[in-house]
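Comments concern the structure below.
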Amino acid sequence: MAGRLEGKVALISGGARGIGAAHVRLFAREGAKVVFGDVLEEEGRKLATELAGNGRDVAFVPLDVTREEDWARAVKTAVDSYGKLTSLVNNAGITHLATLLEETREGWDRVIAVNQTSVWLGMKMAIPSMRDAGGGSIVNISSLYGIIGSIGMAAYHASKGAVRILSKAAALEHAKDGIRVNSIHPGIIDTPLANSMLTEEYLKHLVEVTPLGRRGRPEEIAWGSVFLCSDEASFVTGTELVIDGGWMAQ
């Protein structure tokens with residue numbers, strides 16, 4: 001069914017590649033007008049040009065998700081360009097391997113800033129405009145590792161667990177505004193980020209513990225967000241959607 005997001009205006013962070021780019025493509029295909037941002041400006045502008053050439057209504061903005069002024073500019077671009085903002089996908093994220101004792105203050109602060117603080121900033125900047133639009137939907141991309149623990153990714157667990165609980169708090173605070181807030185928790189997904197930050201041995205291990213026996217595809221996460229931002233999910237808020245190939249069923 002096409003057109004599931006007709007009439008929606010979406011802002012997507014980390015949209016230049018991987019899971020974010022899959023969101024941009026699917027949201028535009030389903031009829032949303034899309035503003036997306038990333039620090040990867042060359043890749044972002046290339047994607048925007050490609051989609052615009054295919055008749056999609058998209059715009060790229062440079063976006064460092066740790067900077068409040070960048071978020072304010074991205075929200076303003078959406079409202080100025082399309083008259084409103086109804087959907088936000090907080091997708092940008094990073095990771096690295098480090099245990100609790102191995103982690104450095106610099107590494108910790110960077111992961112928390114990109115994965116956790118940025119989600120708060122995105123919602124803080126977007127919600128007033130979403131309220132003006134009469135409501136909307138926020139999807140915060142967390143992780144399976146925001147629900148369960150593992151060895152060797154302490155900062156990542158801390159950041160993604162915080163996103164899960166922050167999403168619930170925001171859902172309760174803004175239910176009266178008609179704004180729904182949910183989190184998505186991917187398992188191991190085939191993305192450039194995972195390939196660059198995780199070792200081949202660790203990636204192999206993650207596939208081995210996934211019952212479906214493979215890595216997920218970026219669009220398999222993006223389809224979850226399409227549902228949560230569509231009117232089909234009008235009674236869904238304050239919860240988490242796990243997309244993990246069966247990992248948590250064990």
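The values are calculated or read from the model by the stated rules, or taken from the named source; none is laboratory data. Everything quoted here is computed from the prediction, not taken from an experiment. Note: ideal-geometry Cβ built from the backbone for every residue, glycine included; neighbour counts use all protein chains shown. Ligands, DNA and RNA are stripped out before the accessible areas are found, and what is left, the full protein with its side chains, is counted by its heavy atoms. Shrake-Rupley method; radii C 1.70, N 1.55, O 1.52, S 1.80 Å.
Tabulated data for the structure shown
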{"item": "Point-charge dipole on Cβ atoms (K/R +1, D/E -1) for segment 41-179, about Cα centre, debye to 20", "result": "440 debye"}
{"item": "Along the chain, longest interval not containing exposed GluC sites (Glu not before Pro), exposed being DSSP loop plus at most 13 other Cβ atoms within 10 Å", "result": "103-250"}
{"item": "Residue-averaged [θ]222 nm for the chain, counting only DSSP H segments that reach four residues, each worth -39500 (n - 2.57)", "result": "-14000 deg cm²/dmol"}
{"item": "Long-range HN-HN contacts of Val89 with modeled amide H, under 5 Å", "result": "Leu11, Ile12, Ser13, Val139"}
{"item": "Segment 96-126 versus segment 16-85: alpha-carbon centroid distance in Å", "result": "23 Å"}
{"item": "Principal-axis tilt of helix 218-229 within the chain, Cα atoms, nearest 10 degrees", "result": "50 degrees"}
{"item": "Cα gyration tensor, segment 154-228 - rounded (a/c under 1.5), prolate or oblate", "result": "prolate"}
{"item": "Overall form of segment 45-135 per C-alpha gyration tensor (a/c, 1.5; a/b vs b/c)", "result": "oblate"}
{"item": "1.4 Å probe accessible area per residue over segment 178-250, in Å²", "result": "50 Å²"}
{"item": "Portion, in percent, of the accessible area of the chain that falls on carbon or sulfur, probe 1.4 Å", "result": "54 percent"}
{"item": "Charge sum, other residues only, whose C-beta stays under 11 Å from Ala233's C-beta, Lys/Arg counted +1 and Asp/Glu -1", "result": "0"}
{"item": "Charge context of Val79, other residues only, Cβ under 13 angstrom, K/R +1, D/E -1", "result": "+3"}
{"item": "Stokes-Einstein translational diffusion, the chain - Kirkwood Rh over all Cα pairs, 0.692 mPa s, 37 °C, in µm²/s", "result": "183 µm²/s"}
{"item": "Shape category assigned to segment 1-53 from the gyration tensor of Cα positions, a/c cut at 1.5", "result": "prolate"}
{"item": "Filter on Lys124/Lys176; Lys33/Lys76; Lys84/Lys160; Lys76/Lys124; Lys84/Lys124 - keep pairs with C-alpha separation over 18 Å", "result": "Lys84/Lys160"}
{"item": "Net charge of neighbours whose Cβ lies under 10 Å from the Cβ of Asn54, counting Lys and Arg as +1 and Asp and Glu as -1", "result": "+2"}
